[in-house]
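**Q** To start, I am sharing the structure in question, which I have written as structure tokens.
The values are calculated or read from the model by the stated rules, or taken from the named source; none is laboratory data. None of these values were measured; they are calculated from a predicted model. All Cβ positions, glycine included, derive from the backbone under ideal geometry; neighbour counts span all protein chains shown. The protein model used for the area step is the full one, side chains on, heavy atoms only, and it has no ligands, DNA or RNA in it. Shrake-Rupley method; radii C 1.70, N 1.55, O 1.52, S 1.80 Å.
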Amino acid sequence: MSEPEPRIHLSEHHHMAIPWHSFVQNANVPVTKAGLTERATIVGRVGIIMLSCGTGAWRVREAMNTVARALRLTCAADVGLITIEYTCFDNGRHYSQALALPTSGVNTDKLTDMERFVNQFAATCLMLTPREIHDRLDQIQNKPGNFSALTAGLASALACAAFTFLLGGGPIEMVCAFLGAGVGNYTRRLMGARRITVTASTAVSVAVSCLAYLLLFRLLELSFGVSQAHEAGYIGAMLFVIPGFPFITSGLDMAKLDMRSGLERGTFAIMVITVATVTGWLVALLVHFEPQDFIPLDLSFGVKLGLRLLASFCGVYGFSIMFNSPRRLAASAGLLGAVANTLRLTLVDFAAPGAAAAFLGALVAGLLASAVNRDTGYPRISLTVPAIVIMVPGLYMYRAMFNLGGSHFDVGASWLVKAILIVIALPLGLAAARILTDSDWRHVD
């Protein structure tokens, strides 16, 4: 009497987890001798893990193609923000799958591991069985984050305090933004651990950050007579929610005509920005905060240049930690961002248009990232996105929403157009750098 087939445990989640090991039909043969289904499933799993790290469609497809070639397959994939539909072909037969993620996220450490896995696949995995390859992918997929919610909160506090200085804020604004951003991102991490939807976690965390800024500011106002003019820094406290990866990868994907992925990523980024700015605006109305200009700091050119280098490094380093980058990778991105962002701000000081300065800053960031990539193997996107997130005009976006919400359409539209031009210029700068330094990326085929 034959034994009954083991029952596969079915996922209870809305986005059901795929039992990858159940595709293995013969556990003892190397993957090169496995069936089409087993090999094609490995290709798809590589793609969906890459997508879960936040990288763009071109890089996901390139990883899938690299693994497919090693397994003697032809792969055609359609990649979106959280979905992949792909087909693998082999000797007149084909196998198709549709894969989906529950949400979009960023994990640069896991992305680095996946790129190394893909680059070494042909040399290290072809003698392994499909089960052994899935075991290796299990280790990468289930790798815990490098930092706790508290550390991520401190990283966002550092980043937003530096961001506030770069926007023109002084010590008081920086201290209040440090507390607001730290508490806000800590709250967002806790909500993310409980699988709260992006819309709700963004709104709540922004509200918490603004209120934390308010409480500390009122305490300083009562204790030390701090001027109300310093309340403008509350905008810096909410900039940790800027969706840098989808913003930048959206532009890069559209530059490569991956329109589906580019439009989906752009829509997602706009949704997050809209939720954040509307929440900040509503909180400001309730507590009577207004986005006034920062009080001039009256610094000499040399002092300003040095402080900008330091603040840019701290800001990019903090954002990198928020993206789960190892400290060495975060430091590399910080050095790169310090040069690129300080160049951008200096160009603006010398009357360069904001969009043109943003393009040149992003171009320099991309060129430097290519050099660092050759020396260290760190993914370019893990270096460039944190470096130019600090260039995203969050202040302009907020002021646009504040004025549009108050029916000041002429002022709001002016801020909105400025923000749009800079947002367009940033990925264009990175795309230009990739065209100049990456022969694979600059070709269509």
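**Q** I'd like to check one number: the per residue accessible area of segment 31-85, probe 1.4 Å, reported in Å² as a whole number.
**A** 26 Å²
**Q** How big is the dipole moment of segment 1-137 about its Cα centre under a simple scheme where the beta carbon of each Lys and Arg is +1, that of each Asp and Glu is -1, and everything else is neutral? Debye, nearest 20, please.
**A** Taking the Cα centre of segment 1-137 as origin, the dipole is about 340 debye.
**Q** If you don't mind, there's one more thing I want to ask. Considering only protein heavy atoms and a 1.4 Å probe, what is the carbon-and-sulfur percentage of the accessible area of segment 37-125?
**A** Working: 1510 of 3110 Å².
Carbon and sulfur together cover 49 percent of it.
**Q** What ranking, highest mean first, results for peptides 384-390, 434-440 when packing means the other Cβ atoms within 10 Å averaged over each residue?
**A** 384-390, 434-440
**Q** On the full set of protein chains, 1.4 Å probe, figure out the accessible area of R344 and give it in Å² to the nearest 10.
**A** 30 Å²
**Q** Report in % the part of the accessible area of segment 290-445 that belongs to carbon and sulfur, leaving out ligands and nucleic acids; probe 1.4 Å.
**A** Carbon plus sulfur share of accessible area: 66 percent.
**Q** Can you give the relative contact order of segment 115-260 as a percent, counting alpha carbon pairs under 8 Å and 6+ residues apart?
**A** This gives 24 percent for segment 115-260.
**Q** Leaving ligands, DNA and RNA out of it, rank F319, F301 by accessible area with a 1.4 Å probe, largest first.
**A** Numbers: F319 5, F301 110 Å².
Sorted by accessible area, descending: F301, F319.
**Q** Given the DSSP H assignment, sum -39500 (n - 2.57) over each helix run of at least 4 residues in the chain and divide by its residue total; what's the result at 222 nm in deg cm²/dmol, nearest 500?
**A** Roughly -22000 deg cm²/dmol at 222 nm, from the helical runs in the chain.
**Q** Run the 1.4 Å probe and let me know the accessible area of Y186, rounded to the nearest 10 Å².
**A** Counting only protein heavy atoms, the figure is 90 Å².
**Q** Could you sort the peptides 190-203, 123-136, 106-119 by per-residue average Cβ neighbour count (10 Å cutoff), highest mean leading?
**A** Those peptides, ordered most packed to least, come out 106-119, 123-136, 190-203.
**Q** Can you give the relative contact order of the chain as a percent, counting alpha carbon pairs under 8 Å and 6+ residues apart?
**A** About 14 percent, as a whole number.
**Q** Using a cut-off of 14 Å between alpha-carbon atoms, which aspartates and glutamates can reach K418, once sequence neighbours fewer than 8 places away in the same chain are excluded?
**A** Reachable aspartates and glutamates: D410.
**Q** Here's another thing I want to ask about it. Using the Karplus curve 6.51 cos²θ - 1.76 cosθ + 1.60 with θ = phi - 60°, what ³J(HN,Hα) values do you get for each residue of segment 239-253, in whole Hz, with x for Gly and Pro?
**A** Whole-Hz 3J(HN,Hα) from phi for segment 239-253: 7, 5, 8, 4, x, x, 4, x, 4, 6, 5, 4, x, 5, 5.
**Q** Something else now. Report, in degrees rounded to the nearest 10, the 0 to 90 angle that the Cα long axis of helix 149-167 makes with the longest principal axis of the chain.
**A** Roughly 50 degrees, rounded to the nearest 10.
**Q** Rounded to the nearest 10 Å², what accessible area does H94 have for a 1.4 Å probe in the complete protein model?
**A** Using a 1.4 Å probe on the heavy atoms, I get roughly 120 Å².
**Q** To the nearest 20 debye, what charge dipole does the chain have about its Cα centre, counting +1 at the Cβ of each Lys and Arg and -1 at the Cβ of each Asp and Glu?
**A** On the way: 33 positive and 29 negative charges, 124 e Å.
Computed about the Cα centre, the dipole is about 600 debye.
**Q** Net charge near T346: determine it from the other residues with C-beta under 15 Å of the C-beta of T346, scoring Lys and Arg +1 and Asp and Glu -1.
**A** Every neighbour counted, the sum reads +2.
**Q** Enumerate the aspartates and glutamates that K143 could reach by cross-link, defined here as Cα to Cα under 14 Å, with residues fewer than 8 away along the same chain left out.
**A** Partners found: D109, D113, D135.
**Q** Here is a further query. Provide the packing ranking of 349-356, 170-177, i.e. peptides ordered by the mean count of other C-beta atoms within 10 Å per residue, highest first.
**A** Per-residue Cβ counts within 10 Å, averaged per peptide and sorted highest first, yield 170-177, 349-356.
**Q** Right, here's the next one. With a probe of 1.4 Å, find how much accessible area segment 200-314 has per residue, and write the answer as a whole number in Å².
**A** Here the residues of segment 200-314 average 43 Å² of exposed surface.
**Q** On to the next question. Could you give the length gained on full extension between S300 and L257, defined as 0.36 nm per residue of separation minus the Cα-Cα distance, in nm?
**A** Taking S300 through L257 to full extension adds about 10.9 nm, to one decimal.
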